[in-house]
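Worksheet for the structure shown next.
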Amino acid sequence: MSKVLAFSGGADFCPGGSVFANDKEASFFLPRGDQVDVYFPTRKRSRINAPFVFSGELFEQKHKTSFESLPDECLFEIFRRLPEGEDRSASACVSKHWLTLLSNICKNEISSNIKNIRPENEFSEKGHKFGGEGYLSRSLEGKKATDVRLAAISVGTASRGGLGKLSIRGSNSDRGVTNLGLKAVARGCPSLKTLSIWSVATIGDGGLIEIASGCQQLEKLDLCRCPTISDKALIAVATNCPNLTELLLESCPNIGNEGLEAIGKCCSNLRSISIKDCTSVSDQGIASLFSSASLSLTKVKLQALTVSDLSLAVIGHYGKAVTDLVLNFLPNVSERGFWVMGNGNGLQKLKSLTVASCQGATDIGLEAVGKGCPNMKSAHLRKCAFLSDNGLVSFTKAALSLESLQLEECHRITQNGFFGVLFNCGANLKAISLISSFGIKDMNLSLSSISPCESLRSLSICNCPGFGNTTLYVLGKLCPQLQYIELVGLEGVSDDGFLPLLKGSEAGFVKVNLSGCINLTDKLVLYLANLHGWTLETLNLDGCKNITDASLMAISENCPLLCDLDVSKCAITDAGIAALADAKQFNLQVLSLSGCTLVSDRSLPALRKLGPTLLGLNIQHCDAISSSTIDMLLELLWRCDILS
């Protein structure tokens, strides 16, 4: 009581000062009047005004963290003064709010007076400062593709080499990627050179415009199924990214002629362009692109577009630098379009041509293309329904430099057209491939006074049911220098048809694929091992159900260079695997036994013996191999990739 009477206004009555943070707050509880004389010492106004929480008889005050109460402007000024590296990354981990603020700081907004307190920072050397040089790659797919992750990538990669490649595939349905995510990348990753966006409908022009503004080193842009991106964004990319060399557009309905025109005018370094299923692209866009960028474009792919003969005429005239051309499913292009393109004399440097599902690819049209492309070395013709034997032979005669020819689903091509190519292109043709062509029928062919095709090294016949022993016999006489043989799914071929091809080869087979030829037996493999064992490196007998352990014994004795062997779904047993393991000077690296139901746990010692050189082992669907044996193989063959 004495202390109360002796109180003089100091802090000794309440050592901690007033119980109220603000003098005015006392008026809510202690009414002042003439009868009451209570003195409250003057105090500095509290910086934080927090509400009282009533709990029982006590009044408590909730104090917020001081940084949380700072306005964004203050936090921005603090963050932009942080040194690059761990400090920024650690700050970004505090909260999403801080991460968002950090990811929206541009390179030119970083304070230039920062001193790094880590003198030996491994990323403080030249080339690893903010934005780096683009050494890192990041990929987001499905549910992982969100704005928060993009913001984290923007902050985290800045001082660790810089983001160079970014791929976004799909988007989170609840919190997907939006323009804000791309904005964060644009602000923090100026070194970005490759951007790929697939199936993201929530990204519009705004996000890509931010990328164009902040990532001016962009070299490759891949947009697939982005319905809300339009010409406006593509024009921004063309204007701000002069280093763009590769552009891929697929199923972007709002990208059309204006965007392509801007790309042609502004991107003088553009080397490759692919346009697929963009409904707004017409002849005008293709013409403006080629007339402007004709000196740089080397690779062109047009697929599923509504362009007409005019576009092919423009390519034939302006495509002076084009080396690779793909024309796929252009329903409005007629025979005249191909004829004009071939006679435009602009495709002198063309080396590779792919034509698929184009009704204009007729005998006359393709012959003109062959004449107009004297340096063409590779041609792939797929689903050319109007190409006949005569047209094929005329095309190969006109293309004097042709080295590789692939025919796929060209059902009007018969045995006459196939051998006509070999007869007339014997000087340069090195590889020919025939895939799923039902026009081939096995028939007798006279070979009197026909010179062999000495240049052919590779022969591939896949899924052509009419291909039989007679045709193989002719090939054995006609192609003595074959080294690479691929005969897949030819159920009509037997040992008798394949043996002349084996005996007629003078160069020695290096790679042989006979998968799906169900009528071949051990007899063929014995001949193959004896005649070509010293050159054979790869052998595929997948699905040849008549192949037994005898074939493996012949291989182990005669094929020291063999490194890849596939005997899946063959009649192989443990004895055959043991024969392979006992072979001398054997360097087998890949062995496939998938579906060999007769191979059991007893093969464990043999497989272990093959282990020192084995890099890949496929024992899927080997039902007689137990799980314990598989576990032991995984432990013993630790350097080998095992599929089980």
Discussion item. Just to check your reading of the model, which residue among A233, A238 is touching an Asp or Glu at 6+ places or on another chain (Cβ under 7 Å), closer than 24 Å to L163 by Cβ, open to solvent by less than 10 Å² (accessible area, probe 1.4 Å) and assigned to a helix (DSSP H, G or I)?
Written reply: A233
Worksheet, complete the sentence: In region 491-527, residues that are within 37 Å of the chain's Cα centre (by Cα) and among the polar types (S, T, N, Q) total 2
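Restricting to region 590-644, and then to whatever is among the aliphatic types (A, V, I, L, M), in a helix (DSSP H, G or I) and more than 12 Å from I577 (Cα to Cα), can you tell me which residue is least open to solvent (accessible area, probe 1.4 Å)? Steps first, please.
Restricting attention to region 590-644, the residues satisfying the condition of being among the aliphatic types (A, V, I, L, M) are 590-591, 593, 598-599, 604, 606-607, 610, 614-615, 617, 619, 624-625, 630, 632-634, 636-637, 642-643.
Retained after the next criterion (residues that are in a helix (DSSP H, G or I)): 604, 606-607, 610, 630, 632-634, 636.
After this cut, where a residue has to be more than 12 Å from I577 (Cα to Cα) as well, the list is 630, 632-634, 636.
Values: I630: 32, M632: 91, L633: 1, L634: 87, L636: 61 Å².
Restricting to residues being among the aliphatic types (A, V, I, L, M), in a helix (DSSP H, G or I) and more than 12 Å from I577 (Cα to Cα), the top hit is L633.
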Item to complete: Check L366, L392, L289 and return the single one that is in contact with a Leu (Cβ under 6 Å, 6 or more places away or on another chain), of a type outside the set (S, T, Y) and either farther than 27 Å from L422 by Cβ or not in a loop (DSSP other than H, G, I, E, B) (or both).
Response: L289
Worksheet entry | Pick from region 528-564, criterion among the β-branched types (V, I, T) and crowded, with 17+ Cβ neighbours inside 10 Å, ranking: farthest from the chain's Cα centre (by Cα) | T548
Worksheet item: Any chance region 167-174 includes a residue that's assigned to a helix (DSSP H, G or I), out of contact with any Cys (no Cβ under 7 Å at 6 or more places or on another chain) and either open to solvent by 10 Å² or more (accessible area, probe 1.4 Å) or under 24 Å from N269 (Cα atoms) (or both)?
Response: no
Discussion item. Test of understanding: among L82, L99, L163, L180, which residue is open to solvent by less than 70 Å² (accessible area, probe 1.4 Å) and at pLDDT 85 or above?
Written reply: L163
Worksheet item: Filter region 175-223 for residues that are assigned to a strand (DSSP E or B) and of a type in the set (V, I, T); which is nearest to G134 (Cα to Cα)?
Response: T194
Worksheet item: Do you know which residues across region 565-589 are open to solvent by 40 Å² or more (accessible area, probe 1.4 Å) and not in a loop (DSSP other than H, G, I, E, B)?
Response: A575
Item to complete: Of the numbered conditions (1) in a loop (DSSP other than H, G, I, E, B); (2) open to solvent by 10 Å² or more (accessible area, probe 1.4 Å); (3) over 30 Å from K276 (Cβ atoms), A152 fails exactly one; give the number of that condition.
Response: (1)
Worksheet item: From the list G516, G508, which residue is closer than 21 Å to L561 by Cβ and small (G, A, S)?
Response: G508
Worksheet item: Restricting region 315-345 to residues that are more than 20 Å from G264 (Cα to Cα) and β-branched (V, I, T), which is least open to solvent (accessible area, probe 1.4 Å)?
Response: V333
Fill in: Residues of region 263-292 satisfying the condition of being within 22 Å of L218 (Cα to Cα) and among the polar types (S, T, N, Q)
S268, N269, S272, S274, S292
Worksheet item: R271 fails exactly one of the following numbered conditions: (1) touching a strand residue (DSSP E or B) at 6+ places or on another chain (Cβ under 7 Å); (2) under 17 Å from L195 (Cα atoms); (3) open to solvent by less than 60 Å² (accessible area, probe 1.4 Å). What is the number of that condition?
Response: (3)
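Restricting attention to region 263-280, and to residues there that are within 25 Å of the chain's Cα centre (by Cα) and assigned to a loop (DSSP other than H, G, I, E, B), which single residue is nearest to L234 (Cα to Cα)? Spell out the reasoning first.
Taking region 263-280 first, the residues within 25 Å of the chain's Cα centre (by Cα) are 263, 267, 269-279.
From the residues that got through so far, the ones that are assigned to a loop (DSSP other than H, G, I, E, B) too are 267, 269-271, 277-279.
Details: C267: 11, N269: 16, L270: 14, R271: 17, D277: 17, C278: 13, T279: 16 Å.
The qualifying residue nearest to L234 (Cα to Cα) is C267.
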Worksheet item: For region 292-316, which residues satisfy the criterion of being outside any loop (DSSP other than H, G, I, E, B), modelled with pLDDT of 95 or more and of a type outside the set (A, V, I, L, M)?
Response: K299, K301, Q303, D309, S311, G316
Discussion item. Taking the criterion of being buried (at least 17 other Cβ atoms within 10 Å of the Cβ), touching a residue at least 12 places away in the same chain (Cβ under 8 Å), under 20 Å from G164 (Cα atoms) and out of contact with any Gly (no Cβ under 7 Å at 6 or more places or on another chain), would at least one residue in region 250-258 satisfy it?
Written reply: no
Practice prompt. Scan region 386-400 for residues that are modelled with pLDDT under 95 and surrounded by fewer than 19 Cβ atoms within 10 Å (Cβ to Cβ) and report the count.
Written response: 2
Worksheet entry | Index of the failed condition, T306 passing every other in (1) open to solvent by 60 Å² or more (accessible area, probe 1.4 Å); (2) in contact (Cβ under 8 Å) with a residue 40 or more places away in the chain | (2)
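The values are calculated or read from the model by the stated rules, or taken from the named source; none is laboratory data. Everything numeric here is computed off the predicted structure, so don't read it as measured data. Note that each Cβ is placed from the backbone with ideal geometry, even for glycine, and that neighbours are counted across all protein chains shown. All accessible areas refer to the heavy atoms of the entire protein, side chains included, with ligands and DNA or RNA removed. Shrake-Rupley method; radii C 1.70, N 1.55, O 1.52, S 1.80 Å.
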